[in-house]
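A quick write-up on the structure given underneath.
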């Protein structure tokens with residue numbers, strides 16, 4: 001971990017995305033997408049419908065594998081890793097269409113996300129996880145995968161034993177997880193509804209619960225996909241305050257997609273604008289606002305007679 | 001160091017407390033099993049002696065339902081191959097106990113003490129436990145491990161499958177096991193055994209006629225010991241990172257991955273844990289007096305029976321699975337000669353009432369109607385000489401259909417019996433409940 005901390009101290013970006021591309025058949029959904037997030041940054045990602053914003057999120061979190069390009073988190077390569085390993089590396093996200101665990105209680109929704117940070121799996125295990133795209137000799141890859149699987153099995157058997165025998169370790173973890181989940185819920189003013197099923201929460205609470213769940217993985221980078229969708233003005237204002245608070249209290253680095261350009265302009269320090277999978281502008285809100293390419297993307301080409 | 005990891009270390013309870021807490025459940029299970037074994041014969045009056053046997057069947061089905069619930073209920077993977085795991089366990093156990101007994105003692109009789117005493121009365125005859133008991137315990141565990149191995153074999157390819165496709169794969173697995181067992185030959189007799197090596201004995205598993213000659217070790221002690229262990233395992237899993245990960249996969253796989261749950265690994269874990277207990281249930285089934293350990297008995301029909309138990313109780317609910325196993329096993333037996341209709345009916349109505357916070361819900365009405373219908377039919381059968389026993393499977397099927405129509409989510413839904421307390425606290429009486437919030 002020391003190497004990566006030095007890496008940050010040198011002023012390098014925490015999340016460094018370079019030349020990311022993905023094509024669905026002939027359609028280039030994302031083309032040469034680059035983005036550098038400094039630690040503690042609050043960056044917005046906007047663009048017209050179908051510009052590829054959510055696809056970028058899916059690429060970062062490993063839902064899709066990029067055709068080209070690299071994603072580095074504190075100098076560590078993320079692309080090629082499975083989604084759960086990317087979560088473990090410290091990237092959490094929320095979803096455009098809310099994906100809560102509807103039939104679980106609000107409390108359990110947060111508890112389930114706490115499992116990554118209880119100090120169970122040695123960091124070396126995750127670091128050594130075989131990548132899907134590692135360009136190595138096939139025998140080497142097979143041996144590595146096999147060794148990893150064996151180690152994984154041994155660790156799992158041990159974990160299962162601690163759970164079934166209710167060892168001290170398990171009891172301590174469960175208590176710590178309960179405490180952390182309650183703490184997170186109270187931060188989001190959801191603690192009084194902790195026993196309700198997630199699907200019975202009102203819409204705004206569901207959005208906030210999803211953020212709380214993402215935070216429970218203790219991420220370094222949080223990706224929020226349209227957190228303000230369907231909210232009224234007052235709720236949006238509260239959300240903006242919440243996002244700022246999250247960044248300060250959790251020392252988070254945030255990347256934010258939203259269609260509410262006003263909200264993005266208000267809270268983000270820098271904004272990247274996507275159109276047809278390509279970055280057409282990047283900079284401070286005021287710069288982006290007056291960029292002719294951005295205006296064109298949102299409003300269409302100026303009519304000839306308007307000139 | 002992560003904060004949560006430091007906290008988890010700080011919060012570890014003292015060793016003596018952890019041991020006490022950890023031993024509470026197992027102690028209760030062992031005590032219950034011993035008490036049942038000691039008093040099972042005096043539990044039922046002579047005319048209800050058949051219920052002693054039903055009680056054993058209930059125990060085995062509880063193991064099956066609670067273990068299937070881990071895959072179908074917790075993890076939401078629809079498996080129809082549970083009887084296949086049961087067969088793998090059952091035949092492994094029968095093979096080991098039959099041919100193993102012969103190697104150990106030179107005959108294939110039971111060599112157990114009180115724990116495996118099938119004869120009546122089940123009193124302390126001879127020793128409390130004998131070498132046969134130890135051997136049977138080993139056989140049970142071996143059966144579980146063999147089935148767990150089969151669980152890995154089925155679990156691995158099913159990683160990339162879901163829904164109908166997974167169901168087909170598991171169904172196929174069960175059928176493969178059945179066909180393989182069908183192709184074996186009749187069990188070797190005591191004289192023939194020495195002529196065959198261990199490896200070649202595996203070819204003599206009874207064939208379509210079934211495995212004969214294994215010693216009958218299955219008693220209330222073993223059945224309820226492992227039923228208790230299964231329930232305890234399911235309960236402890238549910239309240240742990242494992243169980244929560246299973247449930248997360250059921251609810252939303254993409255979201256589960258996004259919070260760091262390795263969906264592929266956890267699906268295999270669910271299969272392996274579930275198969276382990278199915279194997280033990282199979283072993284107990286194989287050594288029960290009166291059961292036929294035949295491929296035709298352990299085909300998909302049996303898998304569906306177990307699925308019915310899980311669905312009736314409520315997918316994901318441990319107490320639901322237990323209730324489902326009890327109902328599905330006991331109902332057809334009870335319908336042979338329904339007795340105590342009003343007692344049973346009243347008990348069910350009271351439970352249903354308690355769950356709907358003492359309001360007349362659909363379930364309460366259903367229970368009352370069922371009770372009345374049964375009583376009416378009993379009246380008819382008594383006075384018009386209708387042979388109720390002949391129609392019992394129709395009644396059984398009808399009550400299943402009625403139940404599913406009125407309560408598609410199962411008796412307990414996704415909840416446990418003890419969640420009722422939480423609902424009472426959550427919603428004070430008189431306040432309107434959110435749709436679907438109450439079970």
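Condition test on residue B:142, is it in a helix (DSSP H, G or I) and assigned by TED's automatic domain parsing to the domain that holds residue B:297?
The answer is yes for residue B:142.
Would you confirm, using the coordinates I've provided, whether residue B:315 is under 30 Å from residue B:275 (Cβ atoms), outside the structural domain of residue B:64 (by TED's automatic domain parsing), touching a helix residue (DSSP H, G or I) at 6+ places or on another chain (Cβ under 8 Å) and crowded, with 18+ Cβ neighbours inside 10 Å?
yes
Between a residue in region B:188-205 that is assigned by TED's automatic domain parsing to the domain that holds residue B:104 and any residue that is exposed (fewer than 14 other Cβ atoms within 10 Å of the Cβ), which pairs come within a Cβ distance under 8 Å, given they are 6 or more apart or on different chains?
Here the result reads B:190/B:107; B:203/B:185; B:204/B:185; B:205/B:185, each pair linking region B:188-205 to a residue that is exposed (fewer than 14 other Cβ atoms within 10 Å of the Cβ).
If you take the residues of region A:78-119 that are without any contact (Cβ under 8 Å) to a residue 40 or more places away in the chain and more than 8 Å from chain B (Cβ to nearest Cβ), which of them is surrounded by the fewest Cβ atoms within 10 Å (Cβ to Cβ)?
That would be A:97.
To keep it simple, each residue is scored yes or no on (1) surrounded by 12 or more Cβ atoms within 10 Å (Cβ to Cβ); (2) within 14 Å of chain A (Cβ to nearest Cβ); (3) under 27 Å from residue A:176 (Cβ atoms); (4) over 20 Å from the mean Cα position of the chain (by Cα).
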| site | (1), (2), (3), (4) |
| --- | --- |
| B:3 | no, yes, yes, yes |
| B:22 | yes, yes, yes, yes |
| B:25 | yes, yes, yes, no |
| B:29 | yes, yes, no, no |
| B:32 | yes, no, no, no |
| B:44 | yes, no, no, yes |
| B:51 | yes, no, no, no |
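Any residue in region A:18-37 that is closer than 20 Å to residue A:243 by Cα, at pLDDT below 95 and within 17 Å of the chain's Cα centre (by Cα)?
yes
Exactly one condition in (1) more than 9 Å from chain B (Cβ to nearest Cβ); (2) touching a strand residue (DSSP E or B) at 6+ places or on another chain (Cβ under 8 Å); (3) buried (at least 20 other Cβ atoms within 10 Å of the Cβ) is not met by residue A:184; state its number.
(2)
Of the conditions (1) surrounded by 12 or more Cβ atoms within 10 Å (Cβ to Cβ); (2) within 23 Å of the chain's Cα centre (by Cα), residue B:366 clears all except one; give me its number.
Evaluating residue B:366 over (1) surrounded by 12 or more Cβ atoms within 10 Å (Cβ to Cβ); (2) within 23 Å of the chain's Cα centre (by Cα) leaves (2) as the failure.
Looking only at region B:287-299, filter to residues that are surrounded by fewer than 19 Cβ atoms within 10 Å (Cβ to Cβ) and part of a helix (DSSP H, G or I); which one of those is farthest from the chain's Cα centre (by Cα)?
Across region B:287-299, the extreme among qualifying residues is B:296.
Condition test on residue B:8, is it without any contact (Cβ under 8 Å) to a residue 12 or more places away in the chain and crowded, with 24+ Cβ neighbours inside 10 Å?
yes
For the condition touching a strand residue (DSSP E or B) at 6+ places or on another chain (Cβ under 9 Å) and either at pLDDT 80 or above or not in a loop (DSSP other than H, G, I, E, B) (or both), what is the one hit in B:351, B:421, B:414?
B:414
In region A:33-72, how many residues are in a strand (DSSP E or B) and either within 14 Å of chain B (Cβ to nearest Cβ) or more than 27 Å from residue B:265 (Cβ to Cβ) (or both)?
Residues that pass the stated criteria total 12.
Residues of region A:73-91 being part of a loop (DSSP other than H, G, I, E, B), under 24 Å from residue A:113 (Cβ atoms) and more than 12 Å from the chain's Cα centre (by Cα), which ones?
A:74, A:78, A:79, A:80, A:81, A:82
Which residue out of B:125, B:118, B:139, B:153 is over 20 Å from residue B:207 (Cα atoms) and modelled with pLDDT of 95 or more?
Going through B:125, B:118, B:139, B:153 in turn, the sole match is B:139.
Tell me the helices (runs of 4 or more DSSP H) entirely within region B:191-266 that contain at least 3 residues that are closer than 30 Å to residue B:24 by Cβ, in contact with a strand residue (DSSP E or B) (Cβ under 8 Å, 6 or more places away or on another chain) and away from chain A (no Cβ under 11 Å).
none
Suppose the filter is more than 22 Å from residue B:218 (Cα to Cα), part of a helix (DSSP H, G or I), in contact (Cβ under 8 Å) with a residue 24 or more places away in the chain and assigned by TED's automatic domain parsing to the domain that holds residue B:298; does residue B:59 pass it?
No, not satisfied.
Is it the case, given these coordinates, that residue B:274 is surrounded by fewer than 24 Cβ atoms within 10 Å (Cβ to Cβ) and either farther than 29 Å from residue B:50 by Cα or outside the structural domain of residue B:64 (by TED's automatic domain parsing) (or both)?
No, not satisfied.
Select, from B:363, B:329, the only residue that is at pLDDT 85 or above, within 29 Å of residue B:60 (Cβ to Cβ) and away from every other protein chain (no Cβ under 14 Å).
Testing whether each residue is at pLDDT 85 or above, within 29 Å of residue B:60 (Cβ to Cβ) and away from every other protein chain (no Cβ under 14 Å) leaves just B:329.
Go through (1) at pLDDT below 90; (2) over 30 Å from residue A:216 (Cα atoms) one by one and return the number of the condition residue A:281 breaks.
Just one mismatch for residue A:281, condition (1).
Of the conditions (1) more than 15 Å from residue A:221 (Cβ to Cβ); (2) touching a residue at least 24 places away in the same chain (Cβ under 8 Å), residue A:61 fails just one. Which one is it?
(1)
The values are calculated or read from the model by the stated rules, or taken from the named source; none is laboratory data. None of the values given here were measured: they were computed from a predicted structure. Neighbour counts are summed over all protein chains in view; Cβ atoms, including those assigned to glycine, are modelled from backbone coordinates with ideal geometry.
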